[in-house]
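A.B. asks: Attaching a single structure in structure tokens format; questions to follow.
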Amino acid sequence: MDRIREVRRIFMDVSNGTQTWFDYPQNLDGARDLLAEHKAHITGKPAVCDVAFLMPSAWWWCQP
């Protein structure tokens, strides 16, 4: 897994209130420093915002 995708996974888990982190060792081989940098944010606290809107980029192109 590339580094950008690993950071996205960390962000998604942190924003969803994850308390523990699981990943396959081979996924972390090139991104251990990223997990070390962001692990302080994996606290299990609930999200700040209770509501989110999903607006795929295709929507913007199909709905001028």
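The values are calculated or read from the model by the stated rules, or taken from the named source; none is laboratory data. Every value quoted in this text rests on a predicted model; they were computed, and no experiment measured them. Please note that ligands, DNA and RNA were not included when accessible areas were found on the heavy atoms of the full protein model with its side chains. Shrake-Rupley method; radii C 1.70, N 1.55, O 1.52, S 1.80 Å.
A.B. asks: Summarise the accessible area of segment 23-64 (1.4 Å probe, protein heavy atoms) by the percent that is carbon and sulfur. Walk me through the numbers on the way to the answer.
C.D. replies: Working: 2440 of 3840 Å².
Looking at segment 23-64 in its full context, I get 64 percent from C and S.
A.B. asks: Note the angle between two axes, namely the Cα long axis of helix 3-15 and the longest principal axis of the Cα atoms of the chain, as a number of degrees from 0 to 90, rounded to the nearest 10.
C.D. replies: So the helix axis and the longest Cα principal axis differ by about 80 degrees.
A.B. asks: Using only DSSP helix segments of four residues or longer, with each worth -39500 (n - 2.57), what per-residue ellipticity at 222 nm results for the chain after dividing by its residue count and rounding to 500? Don't jump to the answer; show the numbers that get you there.
C.D. replies: Working: 4 runs with 30 residues, N = 64.
Helix contribution divided over all residues of the chain: -12000 deg cm²/dmol.
A.B. asks: Considering the Cα positions of segment 13-64, please state its Rg to one decimal place and its Dmax as a whole number of Å.
C.D. replies: 15.9, 44
A.B. asks: Want the number for residue 40 to residue 58: 0.36 nm per residue separation, take away the alpha-carbon distance, what's left?
C.D. replies: Working: separation 18, 0.36 × 18 = 6.48 nm, distance 3.47 nm.
Gain in length upon complete extension: 3.0 nm.
A.B. asks: Turning to a different aspect of this structure: Full-extension gain between residue 26 and residue 50, please, as 0.36 nm times their residue separation minus the C-alpha to C-alpha distance.
C.D. replies: Working: separation 24, 0.36 × 24 = 8.64 nm, distance 3.35 nm.
Residue separation times 0.36 nm, minus the Cα-Cα distance, leaves 5.3 nm.
A.B. asks: Considering only protein heavy atoms, what per residue accessible area in square angstrom results for the chain with a 1.4 angstrom probe? Please list the in-between numbers first.
C.D. replies: Details: 5630 Å² over 64 residues.
Counting only protein heavy atoms, the per-residue value for the chain is 88 Å².
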